[in-house]
C-alpha cells in the first residue's frame with residue numbers, strides 16, 4: 001500500500017476525531033510542530049526509522065519528548081498509534097493529507113499561484129474573487145514567484161493547472177512553428 005494511501009487513511013480517521021471534538025486547528029498546529037522537530041533532527045528521525053531499535057526504546061524516546069513538549073491528549077494518542085504501527089516517520093505526509101481532508105470537509109480548496117514577480121495586494125484580492133467564482137468554494141491561495149515564467153501566472157487547484165504564463169505561450173508558438 002502506498003504511503004499516500006496510508007497517510008490519507010490516518011488523516012481521515014484523525015479528522016473524524018478532531019472535528020467531532022472541535023479541536024482541528026489545535027491538533028494540526030501541534031502535529032506540524034512535531035513534524036518540524038523530526039525534520040530538523042536527523043538523529044531523531046534515525047531512531048524512529050531504524051528497525052533494529054526496539055519498540056520499547058522508541059516508546060521511551062517518544063514519551064520523553066511528550067513530557068518535554070506537553071501536547072494535547074489527542075495529539076499524544078495519535079503519535080502513540082503512529083509509533084505502534086511504525087508510521088511515525090510518515091508524519092509529514094500524514095500532515096499534508098490531514099490539511100487536505102480538513103479543507104475538503106470545510107469546503108475549502110487550495111490554490112497555488114505562481115507569478116513572475118510579486119503580486120500587489122489589490123490584484124491578489126481580484127484573483128481570489130475570480131477563483132471563488134470559478135470553483136464555487138472558499139479558496140485559500142498561496143503565492144509564489146518564478147522569474148522564468150517571464151510574465152503571466154500559473155494557477156494550480158488540485159490536479160488542474162491553468163497556465164497563462166508567457167513562457168507557456170512561447171512554448172506553444174515554438175511547437176506550432178516546429179510543425
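No lab work stands behind these numbers, since they all come straight from the coordinates. Just so it is clear, the structure is predicted and the values come from calculations on it, not from any experiment. We place every Cβ from the backbone using ideal geometry, glycine too, and count neighbours over all the protein chains shown.
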Next on the checklist: Restricting to bridges with both residues inside the chain, how much of the DSSP beta-bridge set is antiparallel, in percent to the nearest 5?
Outcome noted: 55 percent
Next on the checklist: Considering the Cα positions of the range 108-178, please state its Rg to one decimal place and its Dmax as a whole number of Å.
Outcome noted: 13.1, 42
Checklist outcome for this item: At R0 = 22 Å the Cβ-Cβ FRET efficiency linking residue 132 and residue 163, nearest 0.05, sits at 0.60
Item to check | In degrees, nearest ten, helix 3-21 long axis to first principal axis of the chain (Cα) | outcome: 80 degrees
Checklist entry - Can you give the angle from 0 to 90° between the axis of helix 55-69 and the longest principal axis of the chain, with both taken from C-alpha atoms, to the nearest 10? => result 70 degrees
Item to check | Length-normalised contact order for the range 35-104 - Cα pairs under 8 Å, 6+ apart - percent | outcome: 34 percent
Item to check | DSSP beta bridges in the range 108-178 [antiparallel fraction, %, rounded to 5] | outcome: 55 percent
Next on the checklist: Taking only Cα atoms of the chain, what ratio of Rg to Rh do you get with Rh as the Kirkwood inverse-distance radius?
Outcome noted: 1.09
Item to check | Whole-Å distance, taken between Cα centres, linking the range 62-93 and the range 122-138 | outcome: 37 Å
Item to check | Peptides 104-115, 38-49 ordered by average Cβ neighbours within 10 Å, highest first | outcome: 104-115, 38-49
Checklist outcome for this item: Nearest-0.05 FRET efficiency for residue 44 and residue 178 at R0 = 41 Å, using Cβ-Cβ distance, is 0.20
Checklist entry - Tilt of helix 91-105 relative to the longest C-alpha principal axis of the chain, in degrees (0 to 90, nearest 10)? => result 60 degrees
Checklist entry - In deg cm²/dmol and to the nearest 500, what is the mean residue ellipticity at 222 nm of the chain if only DSSP H runs of at least 4 residues count, each as -39500 (n - 2.57), divided by the residue total? => result -20500 deg cm²/dmol
